[in-house]
Amino acid sequence: MEKLYKEGKVKAIGVSNFQIHHLKDLMNNAQIKPMVNQVEFHPSLTQKELLAFCKEEHIQLEAWSPLMHGKLLDHTILKKIGNKYGKSPAQVILRWDLQNGVVTIPKSVNEARIKENANLFDFELSEEEMSIINALNQDERFGPDPDNFDF
Ligand SMILES: NC(=O)c1ccc[n+]([C@@H]2O[C@H](COP(=O)([O-])OP(=O)(O)OC[C@H]3O[C@@H](n4cnc5c(N)ncnc54)[C@H](OP(=O)(O)O)[C@@H]3O)[C@@H](O)[C@H]2O)c1
């Protein structure tokens, strides 16, 4: 990837499912710091330390399964916050991603929901609402744990 980047064939290179120690190992050996780290990230897995580390190192964190594959969409608190702005729980989560400085990649095969997931720029969560959502963390993964993955 470094070779492709140096040749100008790709604009950015990055990694996925890297914990802090994986990033440190890589940065000890790499010539180019990864620009992106795509990890599972949603209100049940807020990855506070990893997010802070990536911000400090100017590595863009990107959220996969940002909606926890649909499992968070009935959450009472997210619904309540959404009601205040006329937004769905999915939109509240995706807006929380953006306000946390996290790039987000929700997936939907439904045209209306794809539009809904992009309609995030006409409201702003308050600092208190951001803190409330940050505090929903349960360290709960939908996907595999990168430290204990059965390759
Ligand atoms: N790097 C990695 O290791 C890794 C691992 C897993 C996933 N990913 C990537 O992450 C992306 C998203 O992950 P994901 O598909 O697991 O989870 P997700 O985006 O959190 O959730 C997708 C599910 O939520 C539903 N949905 C989407 N928008 C909705 C909305 N506004 N209202 C209600 N339901 C909604 C979708 O159903 P409908 O389609 O019916 O709307 C689908 O069932 C994918 O592009 C995937 O490739 C990366």
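The values are calculated or read from the model by the stated rules, or taken from the named source; none is laboratory data. Bear in mind the structure is a predicted one, so any value in this text is a computation, not a measurement. Cβ placement follows ideal geometry from the backbone for every residue including glycine, while neighbour counts extend to all protein chains displayed. These area figures cover heavy atoms from the full protein model, side chains too; ligands, DNA and RNA do not enter into them. Shrake-Rupley method; radii C 1.70, N 1.55, O 1.52, S 1.80 Å.
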Segment 53-79, residues that are of a type in the set (D, E, K, R) and assigned to a loop (DSSP other than H, G, I, E, B): E57, K71, D74
Quick check on my filter: what residues within segment 26-52 are out of contact with any strand residue (DSSP E or B) (no Cβ under 9 Å at 6 or more places or on another chain) and not in a loop (DSSP other than H, G, I, E, B)? M27, N28, N29, K48, E49, A52
Restricting attention to segment 4-25, which residues are within 13 Å of P146 (Cβ to Cβ) and either open to solvent by 60 Å² or more (accessible area, probe 1.4 Å) or assigned to a loop (DSSP other than H, G, I, E, B) (or both)? N17, F18, Q19, H21, D25
Hits in segment 86-109 - residues which are more than 10 Å from the ligand (Cβ to nearest atom), outside any loop (DSSP other than H, G, I, E, B) and either open to solvent by 30 Å² or more (accessible area, probe 1.4 Å) or over 16 Å from L45 (Cα atoms) (or both): R95, L98, Q99, V103
Enumeration of residues in segment 26-52 that are in contact (Cβ under 8 Å) with a residue 40 or more places away in the chain and open to solvent by 60 Å² or more (accessible area, probe 1.4 Å): K48
Taking the conditions exactly as written (assigned to a loop (DSSP other than H, G, I, E, B), open to solvent by 20 Å² or more (accessible area, probe 1.4 Å), away from the ligand (no atom under 11 Å from the Cβ) and in contact (Cβ under 8 Å) with a residue 40 or more places away in the chain), does E124 satisfy them or not? no
Of (1) more than 29 Å from V15 (Cβ to Cβ); (2) in contact with a Ser or Thr (Cβ under 9 Å, 6 or more places away or on another chain), E128 fails just (2)
Qualifying residues in segment 59-85 (those that are more than 8 Å from the ligand (Cβ to nearest atom) and among the polar types (S, T, N, Q)) - the one least open to solvent (accessible area, probe 1.4 Å): Q60
